[in-house]
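Worksheet: one structure, shown below.
The values are calculated or read from the model by the stated rules, or taken from the named source; none is laboratory data. This structure is a prediction, so every number in the text was calculated from the model and none was measured. Virtual Cβ from ideal backbone geometry, glycine too; neighbours counted across all protein chains shown. Side chains included, ligands, DNA and RNA excluded: accessible areas come from the protein's heavy atoms. Shrake-Rupley method; radii C 1.70, N 1.55, O 1.52, S 1.80 Å.
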Amino acid sequence: MAQRPNYITSTGPAGMLRNYWNDKLLEILQNEALAADLMDVQTIPANSGNTIEFHRINSFAKQLAGISQALGWMTFGDLKGTSWATDSIVCATRLIGNDLEITEEAIMALEPNPMPTLTERFMYNAKDTIDQNNINIMVCNSGTTNSATAPSVSYMGASVSVAVVWGDGSQTLTEATLDADVSSHRIAAESFNTGYTTLRSQSARPRSGSSRRAFDCLVSPEVAGDLRTDGTFQDIALKGYNRGENKFEQAMIGEVFGVRVIESENVSVNFPGTVDTSDQIVRCPIVGQGYAARVSYATAGQPKVNFIPPGKADKSDPYGLIGILTWKARVATQGVLNPLAGVIIKVATTRTKNRTQDDDQTWQ
């Protein structure tokens, strides 16, 4: 996702610190940004305004009739001519970001100096915010909320909604009727089998470059905990070259029925549940090729932290004592392109998310 930053040539302490923290911030981006890697990217050219258009080339019908030979002089078959059509999704872009004031006294006098930790936390804040925005787009087509309404997109001249899989795939439910006390309302290996089957029946394709041609799914840590207790999943985890806990290294849980399951703390949650107020309802997107898109800039395709040092006097800081850390990025206000290339699994869990963290706003 990220490109290695340009190193400065200064050999003093400032240069070494700058290089060290460039590496640390790059490491955070590579290891923590999950949702953005599952989306198609459209680069906004410089000075091109605040809207961007994503184009979709529609699929071709199968050509089962024969074609005539010698430009049609034979008496059988037809010389077939195929036209192709495109439609588009026009998205406005939205600027998001954060800034933090730091006094010159704090920079000079605190021991240890807060700048390294603040810079790392600020980069994590940027990554975490954008990851949350992208996941929200996948499950409800809006980056600023995570409503219960699945994305509905104009496709082939009609409005088409993203398919939803409930629990183990055997129930027709709503979020208001999900109850984690009912085992079929919780996540199960069958959830991924149903999701995979739905995508394949809609002629969806795994993302290009995906190993083993599997679809990708983001689940919350609480849902991942329920999945690990599912009997069918445990049976799958004990087979193959990677056994037992080797299936659960890093953010990857493993491949289940053609779906690569990845754990992300930013997967959208509705709390409390309606039937049982101690439950939470989780919305987990399964992503195929061309399902959702994000915006980027040719020269600034990833968030980065900028530090404006104190020293310049202005109206808000007449003595020039305040330094500012900033990050900013542009995102699309709507990002689902092909509703037939994704599925949303909605399940209930009794594993309650800890909502005391200030940076955890996955619930609605």
Selected residue (criterion: most open to solvent (accessible area, probe 1.4 Å)) from residues of segment 182-202 that are hydrophobic (A, V, I, L, M, F, W, C) and not in a helix (DSSP H, G or I): Val182
Residue satisfying condition, being open to solvent by less than 80 Å² (accessible area, probe 1.4 Å) and free of Cβ contacts under 8 Å to residues at least 24 places away in the same chain, within set Ala106, Ala85, Ala126, Ala92: Ala106
Test for Asp87: is it modelled with pLDDT of 75 or more, touching a Phe, Trp or Tyr at 6+ places or on another chain (Cβ under 8 Å), charged (D, E, K, R) and outside any loop (DSSP other than H, G, I, E, B): yes
Qualifying residues in segment 203-226 (those that are among the hydroxyl-bearing types (Ser, Thr, Tyr) and open to solvent by 70 Å² or more (accessible area, probe 1.4 Å)) - the one modelled with the lowest pLDDT: Ser211
Any pair with Cβ under 9 angstrom, 6 or more apart, that starts in segment 35-60 at a residue that is under 12 Å from Gly335 (Cα atoms) and part of a loop (DSSP other than H, G, I, E, B) and ends at one that is open to solvent by less than 80 Å² (accessible area, probe 1.4 Å) and of a type in the set (D, E, K, R): Met39/Arg294
Residue list for segment 257-283, filter: assigned to a strand (DSSP E or B), out of contact with any Leu (no Cβ under 6 Å at 6 or more places or on another chain), open to solvent by less than 10 Å² (accessible area, probe 1.4 Å) and at pLDDT 85 or above: Val259, Val261, Gln280, Val282, Arg283
Residue selected from segment 160-172 under the condition under 16 Å from Glu190 (Cα atoms) and not in a strand (DSSP E or B), by the criterion most open to solvent (accessible area, probe 1.4 Å): Thr172
Which numbered condition Asp314 misses (of (1) touching a strand residue (DSSP E or B) at 6+ places or on another chain (Cβ under 8 Å); (2) at pLDDT below 90): (1)
Filter result (assigned to a strand (DSSP E or B), open to solvent by 60 Å² or more (accessible area, probe 1.4 Å) and free of Cβ contacts under 8 Å to residues at least 12 places away in the same chain) within segment 142-159: Ser159
Single residue of segment 151-195 satisfying the filter (of a type in the set (Ser, Thr, Tyr) and more than 24 Å from the chain's Cα centre (by Cα)) that is farthest from His55 (Cα to Cα): Ser183
